[in-house]
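Engineer: Just passing along the structure, written as structure tokens.
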Amino acid sequence: MLRVRSFRHADSNADQLTLRQIEDIAKKQFPLATKFEINKLFDRLQNHAPGTFAPVIFVVEDFEGKVNAFASVLLYPPLKLAHLEFISVSPGNTRGGMGGMLYERVRDECKSLGYKAVLFECLPDEPGPSRDEKTMKENRQRLRFYEQFGARPLLNTGTNNHLHQKVKSVRSW
């Protein structure tokens with residue numbers, strides 16, 4: 001049995017254990033992400049400044065506390081917009097529906113808070129800087145995943161200078 005829960009602070013030992021499991025998933029699923037980028041997820045939970053993006057971590061876990069998937073979302077209350085920073089299922093669990101369950105929970109919670117949209121960036125599904133067929137296939141699958149939940153790309157939204165690759169900004173609902 002799985003459950004989805006969210007948390008905004010990492011005060012307890014249980015939360016710290018959850019964060020270590022998330023870090024393990026992030027390192028495996030986002031090999032190009034730097035240690036700084038991954039640690040930034042957790043630093044925001046402990047050092048959130050009022051008036052800035054409010055971090056929320058969502059996890060899919062079993063009732064023994066094993067994390068199977070996570071999403072990092074930044075809420076910006078003044079504009080009622082959310083930014084999906086990371087979403088990932090642990091290696092070997094990508095076909096079990098956990099990603100969809102997690103993404104729906106993120107969307108539902110943002111909608112219930114009165115947010116206008118969940119925005120995020122996704123690598124494009126057409127040839128560009130990355131001509132590797134495996135990467136293109138993964139990008140197409142990723143965009144199809146989001147599109148089945150109603151997400152649509154915002155066209156001509158520029159490049160991600162950090163990665164030096166084109167990205168698509170995507171709006172959900």
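The values are calculated or read from the model by the stated rules, or taken from the named source; none is laboratory data. Since we're looking at a predicted model, the values are computed, not measured. FYI the Cβ positions are ideal-geometry reconstructions off the backbone, even for glycines, and counts take in every protein chain you see. The accessibility values were calculated without ligands, DNA or RNA, using every heavy atom of the protein model including side chains. Shrake-Rupley method; radii C 1.70, N 1.55, O 1.52, S 1.80 Å.
Engineer: Does Ala82 satisfy the condition of being farther than 22 Å from Met1 by Cα, open to solvent by less than 70 Å² (accessible area, probe 1.4 Å) and free of Cβ contacts under 8 Å to residues at least 40 places away in the same chain? Spell out the reasoning first.
Structural biologist: On the way: farther than 22 Å from Met1 by Cα: yes; open to solvent by less than 70 Å² (accessible area, probe 1.4 Å): yes; free of Cβ contacts under 8 Å to residues at least 40 places away in the same chain: yes.
Criteria met by Ala82.
Engineer: Also, I was wondering about something else. Quick one: in the range 59-94, which of the residues that are among the aromatic types (Phe, Trp, Tyr) and in a strand (DSSP E or B) is nearest to Ile38 (Cα to Cα)?
Structural biologist: Phe86
Engineer: Where the second residue is acidic (Asp, Glu) and the first is surrounded by 13 or more Cβ atoms within 10 Å (Cβ to Cβ) and lies in the range 48-72, which pairs have Cβ atoms under 6 Å and are six or more apart or on separate chains?
Structural biologist: The qualifying pairs are Val67/Glu61; Ser72/Glu85.
So that you can scan it fast, the table gives a plain yes or no per residue for (1) under 19 Å from Ala26 (Cβ atoms); (2) among the small types (Gly, Ala, Ser):
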site: Ile57; (1), (2): yes, no
site: Glu61; (1), (2): yes, no
site: Leu74; (1), (2): yes, no
site: Lys80; (1), (2): no, no
site: Lys111; (1), (2): no, no
site: Ala117; (1), (2): no, yes
site: Glu121; (1), (2): yes, no
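Engineer: Within the range 38-58, work out how many residues are at pLDDT below 90, out of contact with any His (no Cβ under 9 Å at 6 or more places or on another chain) and either not polar (S, T, N, Q) or not in a helix (DSSP H, G or I) (or both).
Structural biologist: The total comes to 11.
Engineer: On the basis of being under 21 Å from Ala71 (Cα atoms), of a type in the set (Lys, Arg), at pLDDT below 75 and not in a loop (DSSP other than H, G, I, E, B), does Arg171 make the cut?
Structural biologist: yes
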